[in-house]
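> Supplied in structure tokens, the structure appears directly below.
The values are calculated or read from the model by the stated rules, or taken from the named source; none is laboratory data. Note that this is a predicted model, so its numbers are computed, not measured. Don't worry about glycine lacking a Cβ; one is built from the backbone with ideal geometry, like all the others, and counts go over all protein chains shown. Surface areas here come from the heavy atoms of the whole protein model, side chains and all, with no ligands, DNA or RNA. Shrake-Rupley method; radii C 1.70, N 1.55, O 1.52, S 1.80 Å.
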Amino acid sequence: MTDWPSRTAAALEKIRKSRPRVHCLTNAVAPELTANMLLAIGAQPSVTWNHTEIADFIASSQALLVNLGTLTEDRKKSIDIAVNEAARVGMPWVLDPVKVHRSPRRLDFAHNLLAQEPSIIRCNADEAAALGETPAIKVITGAIDRIEQGDCVVEIANGDPLMDRVTAMGCAGSAVIATFAAVLDDPFEAAVCGLLAVNVAGDIAANRAEGPGSFKPQFLDALFNLDARALAARAKVTA
């Protein structure tokens, strides 16, 4: 059986030592929390959407996040450029298909992106159902989170309801997964380790917080201080 807490701790050390650059094309409500979460684990975030600069930023990054929230025509253009550049340089990228089950046009755009073979898809159950079958690794969040690739499934029971009461927590979590993909050759391992790190930090923060307002800073501190001991003591992983 895979020792996921140990693997997560080892990947965290890689992130903290190598400080990978992760470009995050995320929605309008998420940049600050996304950047702060990546800084907390030791990565270097960038969040520009300017289509004239995107290729340059991707060329000097180690991973890419594409989040479809607050989608506009200009953002679609930037996403297309970013994904094409990521494919050209062989960079891992994560697709977060926000609310595709509520917008047929957004779903069509997401299907076009699936043809570009994202390394990992992070979504909820409704979004996963709308996307349908795909060979990509899927991180499906819910009461118990699932990481799926064909018949291979890992479930993580860590996390706290307060995580759903802070804007963009899930979107920023997708960026953390992208960060793990920057330092790990196996995207399935990156998906499990990235999600486990976020969820265990959520457990720690919830034990110290009094509500959503105090949860956010406690979460950033928990992510910054996350170590092998905390992961081993708290991880709830089944395969």
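> Roughly how far apart, in whole Å, are the Cα centres of segment 126-168 and segment 1-80?
Comparing the Cα centres of segment 126-168 and segment 1-80, I get a distance of 19 Å.
> Rolling a 1.4 Å sphere over the protein heavy atoms, what is the accessible area per residue of segment 74-218, to the nearest Å²?
43
> Express in Å², to the nearest 10, the accessible area of Lys138 obtained by rolling a 1.4 Å probe over the protein heavy atoms while all chains stay in place.
30
> Still on this structure: Dipole of the chain, Cα-centred, from +1 at each Lys and Arg C-beta and -1 at each Asp and Glu C-beta, to the nearest 20 debye?
It comes to approximately 380 debye.
> While we're looking at this one, here's another question. With the cut-off at 1.5 for a/c, could you classify the chain from its C-alpha gyration tensor as rounded, prolate or oblate?
Note, shape of the chain comes out rounded.
> Say R0 is 22 Å: what FRET efficiency, to the nearest 0.05, do Arg208 and Thr238 get from their beta-carbon distance?
It comes out at approximately 0.25.
> Order 116-125, 65-74 from most to least packed using the mean count of other Cβ atoms within 10 Å.
The packing order, highest mean first, is 116-125, 65-74.
> So, one more: For a quick check of understanding: with a 1.4 angstrom probe and all protein chains in place, what accessible area in square angstrom does Val47 have, to the nearest ten?
60
> Lys236: which lysines have alpha carbons under 21 Å from its alpha carbon, excluding same-chain residues fewer than 8 sequence positions away?
Lys138
> So if I place +1 on the C-beta of Lys and Arg and -1 on the C-beta of Asp and Glu, and nothing else carries charge, what would the dipole magnitude of segment 1-56 be about its Cα centre? I want it in debye, nearest 20.
Dipole size: approximately 260 debye.
> Just from its helices, what would the mean residue ellipticity at 222 nm be for the chain, if runs of 4 or more DSSP H residues each count -39500 (n - 2.57) and the sum is divided by every residue, rounded to the nearest 500 deg cm²/dmol?
Result for the chain: -16500 deg cm²/dmol, rounded to the nearest 500.
> Set the Förster distance to 41 Å, then compute FRET efficiency between Arg105 and Ile144 from the Cβ-Cβ distance, nearest 0.05.
It comes out at approximately 0.85.
> Rounding to the nearest 20 debye, state how big the charge dipole of segment 114-222 is about its Cα centre with +1 on each Lys and Arg Cβ and -1 on each Asp and Glu Cβ.
380
> If ligands, DNA and RNA are left out, what is the accessible area of Phe224 with a 1.4 Å probe, given in Å² to the nearest 10?
About 130 Å², ignoring ligands and nucleic acids.
> Something else: Quick check for you: which residues of segment 44-60 have the amide N under 20 Å from the point 7 Å beyond the Cα of Ala87 toward its beta carbon?
51-60
> Moving to a separate point now. How far apart, in nm, are two points set 7 Å out from the Cα along the Cα-to-Cβ line at Glu32 and at Ala115?
Going by the 7 Å Cα→Cβ label model, 3.9 nm.
> Continuing with this model, one more query. How would segment 110-190 be classified by its alpha-carbon gyration tensor: rounded, prolate or oblate, with rounded meaning a/c under 1.5 and the a/b versus b/c comparison settling the rest?
The shape class here is rounded.
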